[in-house]
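Undergrad: Pasting a structure below so you can have a look.
The values are calculated or read from the model by the stated rules, or taken from the named source; none is laboratory data. Note that the coordinates shown come from a computational prediction; the quantities given were computed from them, not determined experimentally. Note that each Cβ is placed from the backbone with ideal geometry, even for glycine, and that neighbours are counted across all protein chains shown. For accessibility, only protein heavy atoms count, side chains too; no ligands or nucleic acids. Shrake-Rupley method; radii C 1.70, N 1.55, O 1.52, S 1.80 Å.
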Amino acid sequence: MGRDLCGKPIDEWNEALDYYETNLHEDIQKILRRSYEGLTEDEKIIFLDIACFFKGYDMSYNMIKDVLKACGLNPYGIRKLIDKGLLTIDEDNYYLSMHDLLQQMGMDIVRQEAPLMPGERSRLWCYEEALDVLTEDMGSDKIQSMILWPPKSEPEEVQLKAQFCKMRNLRLLLIHNVRCCNGPLECLPNGLSLLDWREYPFSSWPSNFFPKKLAVLNMPLNLLKEPLIQNFFCVTRVDFSECDQITKIPDLSMTPNITNLKLTFCTNLVEIDDSVGCLDKLEELVLFFCEKLETLPNCLTMKSLRHFDLGGCGRIKKFPTILHKMKGVKYLCMGGNYTNELPLSFGNLIGLKGLEISPYSGEAHLPGSIYNLQSIERLELNGNFIFPKNVEIDRQPMCNSLGCSSKYVFPMLKQLKIYGFKIRSEIEFILNCCCPLTLEVLEIQYCIVVTLPESMSRCERLHKLTIRDCHSLDLQSLFQLLPEIIGLPPNLPPCLGVTSHMLMFPHSSTMLPPWWQECHCEFSSAVTGEENDFPNWFNHQRDGNLISFSIGPEFPTIALCTAFGIQDSCCDFDFDYYVFISINGSERIFGRNFFRKRRSCGHLYFSCRLQSSLQELFRDSQLTDRNHVEILCETFPDPFRDPLSREIAPPIVTRIGVRVECNCLSLQSGLGLPMDTENGSDLGSAFDSSNVDGFDLGSSSVAQAPVNDDFDSNQFPLWGRMARLLIRLFVMVFFYLFILFLIFK
């Protein structure tokens, strides 16, 4: 191409590029053609199908195999093409791909079948050519695949009626972004193996449509009232998402090969026939947000089911009976009053790893078989639940969070989230009797909780604890457990003052990606409160958003608390919170977080960096006997929030406090600068507000930090200010003397 275009004017280059799109260079074509000529006839057909139809089409490898098998081709031919380097597949064995030059060669082979007569070729992929064939009724029985997909974003009007009658050998048909402007469709080829027609505009199928080979039926947003008829014996995959005309899924006993049935957002679907529950090969049944769905199959007998989605289906009257043990279904989300009385057979879903249940009203009485779900790793319960007690369970008791044996334990449980519990005894039961010692995440929100069970202190792997909007929570009792629950160093008091509710989210740095470890603390928590509630156990405190102190030759554990003041209380808003730390002028991000600020509500925030974490953060720095530390706290508007609310100023930091472990230097030690609990030091020389640790913060409110000229004359004792001036003078004199020495030498 470079040799061909060399020396030619730029205006000819676009024409040349268009030419290359349809005319492969002869030398390249000869080389690539050798690989194609060595294929078997079936492999050549598969190669051309992928080059002219499937490449770029959002279909999985398994779906393509189903289609080829329905066409009478052996799907093993795909593997042969991969082995010969003509196809590639991703590491998950999910998507097929083909090099552009190989695709162009395949298209050129088809184009040479009838260079001037597209209707006589085996495959049509160019929209203009396919449109001409349909508009001029130039189709023939040589056409095996067709794509009718205009490149424009707006739908194109096309007249379709009887044109497909001439295409008796059409196997693959894809129609997207097309609006039909005439009467009902009179014909569709019965030899179709794949029909993908988004927004099919007719209310019924052609009367003579009896597809005996149809395997894949993708028709979201269609207007069919009865989309599944008895003639679809070979269909394996069906997608009728967002079809408002569908009110019932009929008897599918004559379509026993269905493996995937997708009915998401069918907002008028009310009933699914019992026969669907007996489809032995069904693997996926997706009913997401079928808002009016009331009747499910009475029984589910298939053992192949692995994906069953009922999210957003709140009107279901009864959950199906599970006749056999199912290991394939890994996750289930259910919301509605039908969850108030789940059948005893619910325990046959023994493969469940994730379960979410949300009764809309009343109390949900869980069946005794709920304890058979021994593979549960994530359990989310939203509402009032009554757990079965004193039930016979045929298994050995296991150790629970109380440290004793219990037959009610979910041994694999890692995450437990409970919302809206109003029955205190049930909360205590699940926390004391059902949680294993290996629990990692616990969230309790909008519940009636008086005390957090002492048993939680035995969950050594617990690294995230969220307690929010539990207004009756006894914080003092909670604070007594915090050191054990989250492993705080014993000399860092966890009490953050008396507040009405608490959100706590300590983080385990080993669970976070490397870029996040650089700017997130091990432990952090937010509480509702004002600066008057500021904890008194922070041994360095001052008003404003910056503070300074000195540390010794070892990195300490640093705990930080900040109070946020309200600037605009008329609405809720989001903001980002950054903490910058400088040690001897070397800057890092101590921590950052995102907050949703509630109107008319003060805020205290606590964070902590352990000694090992701080040492890793400053791994390139060497400490001396005396090291100057400065901490600056800033808030920034959330850049992703509603543009209309961007003018709302984020809350300001009104007070800051630091608790440093015992190896920090104090005034009484007689070393270094005094650590005044009411005053800070100059940060102007230490922090660059435009770029901190690689994060561009622009001209932000870091300018709040006072610089030398703006400091109050009473900020430091007199001798401290004089000492600092003398030190600076000494450094300047020494520097100039050293320069003079080098010059004269």
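Undergrad: For region 182-201, which residues satisfy the criterion of being touching a Pro at 6+ places or on another chain (Cβ under 7 Å) and open to solvent by less than 20 Å² (accessible area, probe 1.4 Å)?
TA: L185, C187, L188, L192
Undergrad: Also: Is at least one residue of region 137-151 in contact (Cβ under 8 Å) with a residue 12 or more places away in the chain, out of contact with any Gly (no Cβ under 6 Å at 6 or more places or on another chain), more than 20 Å from C52 (Cβ to Cβ) and among the acidic types (D, E)?
TA: The answer is yes, given that some residue of region 137-151 is in contact (Cβ under 8 Å) with a residue 12 or more places away in the chain, out of contact with any Gly (no Cβ under 6 Å at 6 or more places or on another chain), more than 20 Å from C52 (Cβ to Cβ) and among the acidic types (D, E).
Undergrad: From the list G85, G72, G56, G38, which residue is of a type in the set (G, A, S) and at pLDDT below 90?
TA: G56
Undergrad: What do you reckon, is L174 at pLDDT 95 or above, open to solvent by less than 40 Å² (accessible area, probe 1.4 Å) and either touching a Leu at 6+ places or on another chain (Cβ under 7 Å) or outside any loop (DSSP other than H, G, I, E, B) (or both)?
TA: Details: at pLDDT 95 or above: yes; open to solvent by less than 40 Å² (accessible area, probe 1.4 Å): yes; either touching a Leu at 6+ places or on another chain (Cβ under 7 Å) or outside any loop (DSSP other than H, G, I, E, B) (or both): yes.
Considered against the rule, which asks whether it is at pLDDT 95 or above, open to solvent by less than 40 Å² (accessible area, probe 1.4 Å) and either touching a Leu at 6+ places or on another chain (Cβ under 7 Å) or outside any loop (DSSP other than H, G, I, E, B) (or both), L174 comes out as yes.
Undergrad: Any residue at all in region 290-302 that is without any contact (Cβ under 8 Å) to a residue 40 or more places away in the chain, open to solvent by 50 Å² or more (accessible area, probe 1.4 Å) and under 27 Å from the mean Cα position of the chain (by Cα)?
TA: We begin by selecting, within region 290-302, every residue without any contact (Cβ under 8 Å) to a residue 40 or more places away in the chain; these are 290-302.
Right, trim to open to solvent by 50 Å² or more (accessible area, probe 1.4 Å) and you get 291-292, 294-295, 298.
Checking the rest, the ones that are also under 27 Å from the mean Cα position of the chain (by Cα) come to 291.
Scanning region 290-302, I find at least one residue that is without any contact (Cβ under 8 Å) to a residue 40 or more places away in the chain, open to solvent by 50 Å² or more (accessible area, probe 1.4 Å) and under 27 Å from the mean Cα position of the chain (by Cα), so the answer is yes.
Undergrad: Something else now. Determine, yes or no, whether M63 is modelled with pLDDT under 95 and open to solvent by less than 10 Å² (accessible area, probe 1.4 Å).
TA: No.
Undergrad: With among the aliphatic types (A, V, I, L, M) and more than 17 Å from E43 (Cα to Cα) as the only criterion, which of M117, M98, M107 stands out?
TA: So the residue among M117, M98, M107 that is among the aliphatic types (A, V, I, L, M) and more than 17 Å from E43 (Cα to Cα) is M117.
Undergrad: Among the residues of region 256-277, is any at pLDDT 95 or above, of a type in the set (V, I, T) and part of a helix (DSSP H, G or I)?
TA: Yes, some residue in region 256-277 is at pLDDT 95 or above, of a type in the set (V, I, T) and part of a helix (DSSP H, G or I).
Undergrad: Further question: Among the residues of region 235-266, how many are without any contact (Cβ under 8 Å) to a residue 40 or more places away in the chain and open to solvent by 40 Å² or more (accessible area, probe 1.4 Å)?
TA: 11
Undergrad: What is the number of the single condition among (1) within 28 Å of the chain's Cα centre (by Cα); (2) in a loop (DSSP other than H, G, I, E, B) that T451 does not meet?
TA: So T451 meets the others, but not (1).
Undergrad: Tell me whether region 4-27 contains one or more residues that are among the polar types (S, T, N, Q), in contact with an Asp or Glu (Cβ under 9 Å, 6 or more places away or on another chain), open to solvent by 30 Å² or more (accessible area, probe 1.4 Å) and within 28 Å of Y127 (Cβ to Cβ).
TA: Taking region 4-27 and keeping what is among the polar types (S, T, N, Q), we get 14, 22-23.
Filter again for in contact with an Asp or Glu (Cβ under 9 Å, 6 or more places away or on another chain), leaving 22-23.
Next, from what is left, pick out any that are open to solvent by 30 Å² or more (accessible area, probe 1.4 Å): 22-23.
With within 28 Å of Y127 (Cβ to Cβ) added as a condition, the list becomes 22-23.
Among the residues of region 4-27, at least one is among the polar types (S, T, N, Q), in contact with an Asp or Glu (Cβ under 9 Å, 6 or more places away or on another chain), open to solvent by 30 Å² or more (accessible area, probe 1.4 Å) and within 28 Å of Y127 (Cβ to Cβ), which makes the answer yes.
Undergrad: If we keep just the residues of region 550-575 that are surrounded by fewer than 18 Cβ atoms within 10 Å (Cβ to Cβ) and assigned to a strand (DSSP E or B), which is modelled with the lowest pLDDT?
TA: Selected residue: D574.
Undergrad: Can you name the residue in region 318-338 that is closer than 18 Å to E356 by Cα and open to solvent by 70 Å² or more (accessible area, probe 1.4 Å) and is also modelled with the lowest pLDDT among such residues?
TA: Top of the filtered list is N337.
Undergrad: Additional query: Residues of region 420-441 being part of a helix (DSSP H, G or I) and under 30 Å from the mean Cα position of the chain (by Cα), which ones?
TA: Within region 420-441, I427, I430, L431, C434 meet the criteria.
Undergrad: Any chance region 144-156 includes a residue that's of a type in the set (F, W, Y) and part of a loop (DSSP other than H, G, I, E, B)?
TA: Yes, region 144-156 contains at least one residue that is of a type in the set (F, W, Y) and part of a loop (DSSP other than H, G, I, E, B).
Undergrad: Being buried (at least 18 other Cβ atoms within 10 Å of the Cβ) and either at pLDDT 65 or above or assigned to a strand (DSSP E or B) (or both) is true for just one of L623, L604. Which residue is that?
TA: Only one candidate qualifies: L604.
Undergrad: In the list I78, I89, which residue meets the criterion of being under 34 Å from the mean Cα position of the chain (by Cα) and open to solvent by less than 30 Å² (accessible area, probe 1.4 Å)?
TA: The match here is I78.
Undergrad: Also: I'd like the residue in region 177-191 that is in a loop (DSSP other than H, G, I, E, B) and modelled with pLDDT under 90 and, out of all such residues, is nearest to the chain's Cα centre (by Cα).
TA: Within region 177-191, the match that is nearest to the chain's Cα centre (by Cα) is C181.
To keep it simple, each residue is scored yes or no on (1) open to solvent by 60 Å² or more (accessible area, probe 1.4 Å); (2) within 18 Å of S35 (Cα to Cα).
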{"site": "M59", "(1), (2)": "no, no"}
{"site": "K84", "(1), (2)": "yes, yes"}
{"site": "L96", "(1), (2)": "no, no"}
{"site": "E113", "(1), (2)": "yes, no"}
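Undergrad: Where the second residue is surrounded by 15 or more Cβ atoms within 10 Å (Cβ to Cβ) and not acidic (D, E) and the first is closer than 14 Å to C459 by Cα and lies in region 421-433, which pairs have Cβ atoms under 6 Å and are six or more apart or on separate chains?
TA: L431/P453; N432/L402; N432/P453; N432/S455; C433/N400; C433/S406; C433/Y408
Undergrad: Further question on the same structure: Give region 183-213 a look and list any residue that's in contact with a strand residue (DSSP E or B) (Cβ under 9 Å, 6 or more places away or on another chain) and farther than 24 Å from S241 by Cα, or say none. Write out each step before concluding.
TA: The first filter runs over region 183-213 and keeps only residues in contact with a strand residue (DSSP E or B) (Cβ under 9 Å, 6 or more places away or on another chain), leaving 188-189, 192-202, 211.
None; the set is empty.
Undergrad: Could you please find all residues in region 444-463 being crowded, with 17+ Cβ neighbours inside 10 Å, modelled with pLDDT under 75 and farther than 12 Å from L431 by Cα?
TA: Residue satisfying the conditions is H463 alone.
Undergrad: Say we look at region 119-151 and pick out the residues that are open to solvent by 10 Å² or more (accessible area, probe 1.4 Å) and among the aliphatic types (A, V, I, L, M); which of these is farthest from G106 (Cα to Cα)?
TA: This residue is M138.
Undergrad: Here is a further query. F410 - would you say it is among the aromatic types (F, W, Y) and in a loop (DSSP other than H, G, I, E, B)? Full working, then the answer.
TA: Working: among the aromatic types (F, W, Y): yes; in a loop (DSSP other than H, G, I, E, B): yes.
Considered against the rule, which asks whether it is among the aromatic types (F, W, Y) and in a loop (DSSP other than H, G, I, E, B), F410 comes out as yes.
Undergrad: Tell me which of these L188 doesn't satisfy, since it passes every other one: (1) within 16 Å of I64 (Cα to Cα); (2) in contact with a helix residue (DSSP H, G or I) (Cβ under 8 Å, 6 or more places away or on another chain).
TA: For L188, the exception is condition (1).
Undergrad: Could you identify the single residue in I31, I50 that is β-branched (V, I, T) and loosely packed, with under 14 Cβ neighbours inside 10 Å?
TA: Residue meeting the stated conditions: I31.
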